[in-house]
Amino acid sequence: MTEGTPYQLAQEAATELARITGVERHDVALVLGSGWLPAVDALGTPNAEIDTTDLPGFSAAAVAGHSGKIRSVRAGEKNLLVFLSRTHYYEGKGVAAVVHPVRTAAAAGCRAIVLTNGCGGLKPTWSPGTPVLISDHINLTGTSPLVGANFVDLTDLYSPRLRARAKELDPSLDEGVYVQFPGPHYETPAEVRMAGIIGGTLVGMSTTLEAIAAREAKMEVLGISLVTNLAAGISDQPLNHAEVLEAGRAAASRMGELLARIVPEI
Ligand code: 8IG
């Protein structure tokens, strides 16, 4: 952890976070994806809300429906660190910027992280607004947050324990394999077919790099996708961002309840 490394920058952000929020240590982190914002209010009253740009290493949010804020929320006995936005790989700020919130959460004390996203679904039965547990991923970005001979094991990356608990709380929850494309364009129908052939059922532009960084930091990972649209070519409808935001609003109470029930137990 020498000076000037991404890990050092995350440690500095965590120290500043503790100072600004007055919360010395956080327990569980939550990263909100497209469409998830309405669900977060169910988690509890924020103790503090800060701008990401108040912390070292963070830049401003770039996507409508993402807010560049971080909340510290007391949920049961746990201090929750909620990132209301993320940096996407397609912003071109580099992989270290993408996983900086994850490393900051680890440095702040978090032993578990809930990664959420909005994505396209390959199963026609997943209508917009369906939450799906991520069981595994395929990283098609061609990159990694890890540098050097750091051979991190990704078996059971998406915690079987937390997936089982989520399904106990909501037996209707399905599971899927999340395929991260670089974006920012959506896939072609042929690319969506490819994603299916290689074993994917969800397509999106986030999450896998963050999950890898979380595993490196020895955090337990729960991944939940909100299927906001059927992937290109699965339905005959074109894709648009308004549909994404609307699907989130429609599913907010169901997802908020799930998060509120599972997070204090993590
Ligand atoms: I929301 O269909 C959302 N994000 N790659 N494909 C990809 N990302 C997405 C999609 C989608 N929907």
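For the chain, take the longest principal axis of its alpha carbons; what is the angle in degrees between that and the long axis of helix 6-21, to the nearest 10 within 0 to 90?
Result, in degrees: 70.
Could you state the principal axis extents of the C-alpha atoms in segment 1-135, from the largest down, to the nearest angstrom?
Rounded to whole Å, the extents work out to 49, 37, 27 Å.
So which trypsin sites (Lys or Arg not before Pro) in segment 144-229 pass both tests, a DSSP loop state and at most 16 other Cβ atoms within 10 Å of the Cβ?
K218
Please enumerate, by chain and number, the lysines with C-alpha under 20 Å from the C-alpha of K93, excluding those fewer than 8 residues away in the same chain.
List returned: K69.
Using only Cα atoms, figure out Rg for the chain and give it as a multiple of 2.2 N^0.38 Å.
Computed over Cα atoms of the chain, the ratio equals 0.93.
Just add up the charged neighbours of V203: K/R +1, D/E -1, any other residue whose Cβ is under 12 Å from the Cβ of V203.
Around V203, the charge tally is 0.
Express the relative contact order of the chain as a whole percentage, based on alpha carbon pairs under 8 Å and six or more residues apart in sequence. Don't skip to the end; give the middle numbers.
Details: 580 pairs, mean separation 73.0, N = 266.
Relative contact order of the chain: 27 percent.
What's the longest bit of the chain with no exposed GluC sites (Glu not before Pro), using DSSP loop states and at most 15 other Cβ atoms within 10 Å as the test?
78-266
Report in % the part of the accessible area of the chain that belongs to carbon and sulfur, leaving out ligands and nucleic acids; probe 1.4 Å.
Carbon and sulfur together cover 52 percent of it.
Quick one: compute the contact order of segment 69-227, relative version, from alpha carbon pairs under 8 angstrom and 6+ residues apart, as a percent.
Working: 268 pairs, mean separation 60.3, N = 159.
38 percent.
Counting only heavy atoms of the protein chains, get the accessible area per residue of the chain (1.4 Å probe) and round it to a whole Å² value. Provide the component values of the computation, followed by the final result.
Working: 11140 Å² over 266 residues.
Each residue of the chain exposes 42 Å² on average to a 1.4 Å probe.
Leaving ligands, DNA and RNA out of it, work out the accessible area of C110 with a 1.4 Å probe and give it in Å² to the nearest 10.
The accessible area comes out at roughly 0 Å².
Over the alpha carbons of segment 203-266, what is the largest minus smallest coordinate on each principal axis, giving the biggest first in Å?
Projected onto its principal axes, the Cα set of segment 203-266 covers 41, 27, 16 Å.
The values are calculated or read from the model by the stated rules, or taken from the named source; none is laboratory data. Here the structure is a predicted model, which is why all the values come from computation and not from measurement. Neighbour counts are summed over all protein chains in view; Cβ atoms, including those assigned to glycine, are modelled from backbone coordinates with ideal geometry. Accessible surface is based on the protein model in full, side chains and every heavy atom, while ligands, DNA and RNA are left aside. Shrake-Rupley method; radii C 1.70, N 1.55, O 1.52, S 1.80 Å.
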